[in-house]
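First the structure, in the form of structure tokens, and then the observations on it.
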Amino acid sequence: MFGHGDLRLVLLSLIAEKPRHGYDLIRAIEEKFGGAYAPSPGAVYPTLTLLEEQDHIVAETQSGTKKLYRITETGRAFLDENAVALKGVQSRMDLAAHAFSIHSTPEAVREAMRTLKQALHMRRGPWTAEDAERVRRIIEATARQIVDGSNN
């Protein structure tokens, strides 16, 4: 979704608006995309660590391991220096959000996808080759039915 360095600018600009937790940052970006996209924690938290190492933000630990991120003067200066790039990223996000809204998957379908994903992860016991092949056939047949609009 984001080009090189884009997520760093977006996170820093959101923290500049107000101090935030990592989860709050993920949700804020998801809101900007109307729920159609959310960055993974695996992308967000390493970027926050990088911003800390660059002295663009500071983290204050709250209630256990939860961290509240605040922008530093160095971070504000970085945002000022990269205002044109940030504006470009925000424009691209607006365009992508609009495209997603036109083609967005209904919430009921997204919820069913989450249920399927969870079912696959919760399956008990080791996967056999036969089990994997059976599930692959079911998923691929279902995908064809969705594309074709059929029930068979």
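The values are calculated or read from the model by the stated rules, or taken from the named source; none is laboratory data. On a predicted model such as this, the values are computed, not experimentally measured, just so you know. With ideal geometry, Cβ positions are generated from the backbone for all residues, glycine too; neighbour counts draw on all protein chains shown.
Annotation: residue 12 fulfils all but one of (1) more than 19 Å from residue 72 (Cα to Cα); (2) assigned to a helix (DSSP H, G or I); the unmet one is (1). Only one entry of 96, 85, 59 meets the criterion of being small (Gly, Ala, Ser), assigned by TED's automatic domain parsing to the domain that holds residue 18, on the phi < 0 side of the Ramachandran plot and part of a strand (DSSP E or B), and that entry is 59.
Residue-wise test of (1) in a loop (DSSP other than H, G, I, E, B); (2) of a type in the set (Phe, Trp, Tyr); (3) without any contact (Cβ under 8 Å) to a residue 60 or more places away in the chain.
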site: 79; (1), (2), (3): no, no, no
site: 114; (1), (2), (3): no, no, yes
site: 124; (1), (2), (3): yes, no, yes
site: 134; (1), (2), (3): no, no, yes
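Among the conditions (1) under 30 Å from residue 6 (Cα atoms); (2) modelled with pLDDT under 90; (3) surrounded by fewer than 12 Cβ atoms within 10 Å (Cβ to Cβ), the only one that residue 118 does not satisfy is (1).
Every condition in (1) farther than 30 Å from residue 114 by Cα; (2) touching a Pro at 6+ places or on another chain (Cβ under 7 Å) is met by residue 84 except one, and the failing one is (2). Checked against (1) of a type in the set (S, T, N, Q); (2) free of Cβ contacts under 8 Å to residues at least 12 places away in the same chain; (3) closer than 22 Å to residue 37 by Cβ; (4) surrounded by 11 or more Cβ atoms within 10 Å (Cβ to Cβ), residue 105 passes all but a single condition, namely (2).
Of the residues in segment 37-44, not one is without any contact (Cβ under 8 Å) to a residue 40 or more places away in the chain, among the hydroxyl-bearing types (Ser, Thr, Tyr) and either over 30 Å from residue 106 (Cβ atoms) or touching a Leu at 6+ places or on another chain (Cβ under 7 Å) (or both).
Given the criteria β-branched (Val, Ile, Thr), touching a residue at least 12 places away in the same chain (Cβ under 8 Å) and either part of a helix (DSSP H, G or I) or farther than 30 Å from residue 147 by Cα (or both), does residue 74 qualify? Yes, satisfied. Residues in segment 44-59 that are loosely packed, with under 15 Cβ neighbours inside 10 Å and in contact with a Phe, Trp or Tyr (Cβ under 8 Å, 6 or more places away or on another chain): 54 alone. Scanning segment 45-56 for residues that are within 12 Å of residue 21 (Cα to Cα) and touching a Leu at 6+ places or on another chain (Cβ under 7 Å) yields one hit, 48.
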